[in-house]
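Okay, so here's the structure we're looking at.
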Amino acid sequence: MPVAELLGVTKRYGPVEALRGIDLTIEPGELVALLGPNGAGKTTAVRILLGLAAPTSGQATVFGRPPASYEAKLRRGALLQVAKVPETLRVREHIELFSSYYEKPLPLQETIAAAGLGGIENKLFGDLSGGQKQRVLFALAICGNPDLLFLDEPTVGLDVEARRALWARIRGFVARGGSVLLTTHYLDEADALAHRIVVINQGRIVAEGTPAEIKTRGASTGLEDAFLTIMKDTEQAVEEVA
Ligand SMILES: Nc1ncnc2c1ncn2[C@@H]1O[C@H](COP(=O)(O)OP(=O)(O)OP(=O)(O)O)[C@@H](O)[C@H]1O
Ligand SMILES: [Mg+2]
């Protein structure tokens, strides 16, 4: 059974068709990277799988259950693109609070270590740097010991070293059997982490494959080049239909 699935999912916001019929599955132990330009529908797909938005049509399941169900929520964690947590709580207080929502959370020290928060666990969230805040949000995503992680642009604003450190933590999570849906605009990140890349444009899946397969779509061997080729091809196709 896939850990998460979208079947024929559409999402309409008034006149905007954010998703126009998406089929997406994430298998156990798989890291899927969702790529696509601004406004393609990536965050919409993530929000539907988190039960934060309902599909207009089609079906979404997480561990075979509705995404908003308690069973699904207990087994997943998320780092959202625009996440806000109170500035007046300390790092460890945030983790303790979030951990209390779950039945089998990780031990506090394990979460602190896994998110690279050692030494700053007693600081107020509001006193942290942007990169440190991002690490706290990652800690909140993993503290419940989830089987599935949703990471929506998790490394935005991180310096090179911090990005690489987060990559290592994500790889560690996958190595322990976890599944991940990652969105990113950093194509080197998708290349470094993903088993499978799904490219969406204007609410439709326009390419899918391993990083190596996707790269064959470009004139050179780079993923960025292949991505631009796919975007150009699919935009032409959309114009021809219109
Ligand atoms: N709550 C909402 N109400 C109205 N329109 C929305 C809402 N959420 C998303 N949209 C629209 O749906 C489309 C897809 O947005 P989405 O956030 O899924 O894109 P994205 O691929 O995550 O883009 P980005 O790379 O910029 O994060 C956009 O046109 C956006 O304006
Ligand atoms: Mg987004």
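The values are calculated or read from the model by the stated rules, or taken from the named source; none is laboratory data. These numbers were taken from a predicted model, which means no experiment stands behind them. All Cβ positions, even for glycine, are placed from backbone atoms using ideal geometry, and neighbour counts span all protein chains on display. When the accessible area is computed, the model is the full protein with side chains, heavy atoms only, and any ligands, DNA or RNA have been set aside. Shrake-Rupley method; radii C 1.70, N 1.55, O 1.52, S 1.80 Å.
Tabulated results
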{"item": "Helix-only [θ]222 nm of the chain, DSSP H runs n ≥ 4, -39500 (n - 2.57) each, per residue, nearest 500", "result": "-11000 deg cm²/dmol"}
{"item": "Centroid-to-centroid separation of the range 147-209 and the range 112-138 [C-alpha atoms, Å]", "result": "20"}
{"item": "Cα gyration tensor shape of the range 89-133, rounded if a/c is under 1.5, else prolate or oblate by comparing a/b with b/c", "result": "prolate"}
{"item": "DSSP-defined antiparallel bridges as percent of all bridges, the chain, nearest 5", "result": "55"}
{"item": "Sequence-separation-based contact order of the range 29-158, relative, with Cα cut under 8 Å and 6+ spacing, percent", "result": "30"}
{"item": "GNM top mover of 33, 168, 219 - the chain, alpha-carbon springs below 10 Å", "result": "219"}
{"item": "Tensor-based shape of the range 26-115 (alpha-carbon gyration tensor, a/c under 1.5 rounded, otherwise prolate or oblate)", "result": "prolate"}
{"item": "Estimated FRET transfer efficiency when R0 is 45 angstrom, pair residue 160-residue 68 (beta carbons, to 0.05)", "result": "0.75"}
{"item": "Accessible surface of the chain [probe 1.4 Å, protein heavy atoms]: carbon and sulfur percent", "result": "52"}
{"item": "Gain on full stretching of the segment that runs from residue 113 to residue 13 - 0.36 nm per residue minus C-alpha separation", "result": "31.9 nm"}
{"item": "Kirkwood-type radius of the range 143-223, with distances r between different C-alpha atoms, in Å", "result": "13.8"}
{"item": "Size of electric dipole in the chain: Cβ of Lys, Arg +1 and of Asp, Glu -1, about Cα centre, debye, nearest 20", "result": "580"}
{"item": "Accessible area in square angstrom per residue, the chain, 1.4 angstrom probe", "result": "47"}
{"item": "Of the trypsin sites (Lys or Arg not before Pro) in the range 1-95, those whose Cβ has at most 15 other Cβ within 10 Å and which sit in DSSP loop", "result": "84"}
{"item": "Convex hull of the chain built on C-alpha atoms - directionally averaged projected area, nm²", "result": "13.4"}
